[in-house]
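The values are calculated or read from the model by the stated rules, or taken from the named source; none is laboratory data. Predicted model only: the values in this text are computed from it and were never measured. So basically every Cβ, Gly included, is an ideal-geometry build from the backbone, and we count neighbours across all protein chains shown. Calculation scope for accessible area: heavy atoms of the full protein, side chains included, ligands and nucleic acids excluded. Shrake-Rupley method; radii C 1.70, N 1.55, O 1.52, S 1.80 Å.
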Amino acid sequence: MKAMILGADGYLGWALSLRLLSRGHEVIGVDNFATRKSVKEVGSDSGIPILSMENRVRAVRDVHGYRMKFHRGDITSYPFIHKAIKEDMPDTVIHFAEQRSAPYSMINAKHAAYTLSNNVIGTINLVYSIMAVNPKIHILKMGTLGEYGTPNFDIPETPFVDARINGKLDRITCPKWAGSWYHWSKVHDTNNLLFTNRVWKTTVTDIMQGPVYGTRTKEITDEKLHTRFDFDEVWGTVVNRFCVEAALDLPLTAYGKGGQTRGYLSLEDSVEALRLLLENPPEKGDYRVVNQFVELLSINEIAEIVKKAAKRLGIDAKVEHLENPRVEAERHYYNPEIKVLPKLGFHRKLKMGDLAGQLIKDILPYRSRIRRYKGAIMPHTNWRKVDNAR
Ligand SMILES: NC(=O)c1ccc[n+]([C@@H]2O[C@H](COP(=O)([O-])OP(=O)(O)OC[C@H]3O[C@@H](n4cnc5c(N)ncnc54)[C@H](O)[C@@H]3O)[C@@H](O)[C@H]2O)c1
């Protein structure tokens, strides 16, 4: 398979590039390095150092003997993404190239507008480029389970559901109720992609993924191959942040009552699920929705898991409940379906309880580096306040 990965410099994009290369696929990376820049903007950096893309491509060749091509550019430029797709003629385009932080999108008008335009325009340019070059290209688009919010129904793996409205039955797009501008940008993407499937029969896998955690995959065997690892309040997902807090002897900062429940998965499980979906694409012209997670856990359960793992390493981690900077339900029903991935043979490898200790151990050598950005860990971004100074 010839796979083009938009967002190849990112947390998932880099790890997936290595997985696909190790399977003998051809990989063409695309990135504009927006995440590197935006993480610096909030006074932070990848907790685990990463090489420049030029050196990453060299390291992949030196360590594993794989060759990877890379285009530097912004997919919100139609001429750029069209040219890249025309030049390389991929079978599949994996679309990760979006602003992916909910807090970043909630800072103020500038950040909200950037998130919405970057994400929605990038996706539109991708579809138009594919239609111009080869409409049969499979688009694997990374959405998020956060598109649905926390509904009182079991989240289906179908784009449409039956609904009775004013007494009449109809088939409508599954209701979504996102919790940040970032998550709304993903809802808009889903609607736009569904529309392209209706009018042009595009072939799409739309993944609704939960938060990912961890530092390792099978291919990350050398420190030159590390993927980025964010831990600050804006860019760090909760598990990675808790593990950093434990490693730094800081309290684990649980927002609100801690009953917020989501579907989590490790980096290894995420790239393996993606590999399966790419190697088993939908029929041409189909729109496939996939819920991608391994375990449903609440913030309080995650804090307990990290606390126990830290204890086994001689660290006495405490949990501190902070006023919730987000607007979200803190006790709620949550049950996304998971049928597509198991049918393709996906079985989770490890649970968070098995991995948290390793994650903390992986962070320990970088404690002094991470301490430089300690000020970026406590929440500053508040859903209820607009911060025009940032
Ligand atoms: N990490 C998670 O827990 C998680 C969970 C659910 C969904 N996702 C989604 O998966 C995707 C990848 O996430 P990630 O954690 O690897 O994020 P990331 O920020 O590490 O990677 C995204 C990459 O896309 C690049 N990018 C952004 N806008 C671009 C543009 N206009 N042109 C070219 N490149 C651009 C960034 O520079 C970055 O390298 C995102 O779409 C994210 O919303 C991530």
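Just for the range 304-319: of the residues that are assigned to a helix (DSSP H, G or I) and of a type outside the set (Gly, Ala, Ser), which one is surrounded by the fewest Cβ atoms within 10 Å (Cβ to Cβ)?
The initial filter retains those residues of the range 304-319 that are assigned to a helix (DSSP H, G or I), namely 304-312.
With of a type outside the set (Gly, Ala, Ser) added as a condition, the list becomes 304-308, 311-312.
Numbers: GLU304: 16, ILE305: 22, VAL306: 28, LYS307: 18, LYS308: 13, LYS311: 13, ARG312: 10.
Here the residue is ARG312.
Tell me yes or no: at least one residue of the range 107-128 is part of a loop (DSSP other than H, G, I, E, B), more than 18 Å from PHE33 (Cα to Cα) and open to solvent by less than 50 Å² (accessible area, probe 1.4 Å). Step through it out loud before you land on a result.
The initial filter retains those residues of the range 107-128 that are part of a loop (DSSP other than H, G, I, E, B), namely 107-108.
Cutting the leftovers down to more than 18 Å from PHE33 (Cα to Cα) gives us 107-108.
Next cut, open to solvent by less than 50 Å² (accessible area, probe 1.4 Å) only: 107-108.
Yes, some residue in the range 107-128 is part of a loop (DSSP other than H, G, I, E, B), more than 18 Å from PHE33 (Cα to Cα) and open to solvent by less than 50 Å² (accessible area, probe 1.4 Å).
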So THR221, is it over 27 Å from PHE33 (Cβ atoms) and in contact (Cβ under 8 Å) with a residue 12 or more places away in the chain: no
Per-region count, the range 154-175, residues under 30 Å from THR381 (Cα atoms) and open to solvent by 40 Å² or more (accessible area, probe 1.4 Å): 1
Residues of the range 199-209 satisfying the condition of being open to solvent by less than 10 Å² (accessible area, probe 1.4 Å) and in a loop (DSSP other than H, G, I, E, B): THR202
Within the range 1-99, strands (runs of 3 or more DSSP E) holding 2 or more residues that are near the ligand (Cβ under 8 Å from one of its atoms) and closer than 22 Å to TYR114 by Cβ: 26-31
Unique match (being basic (Lys, Arg) and either more than 13 Å from the ligand (Cβ to nearest atom) or at pLDDT below 95 (or both)) among LYS110, LYS141, LYS186: LYS110
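Given the residues ARG56, ARG67, which is the only one that is among the charged types (D, E, K, R) and over 30 Å from ARG367 (Cα atoms)? Steps first, please.
Details: ARG56 fails: over 30 Å from ARG367 (Cα atoms).
On inspection, the qualifying residue turns out to be ARG67.
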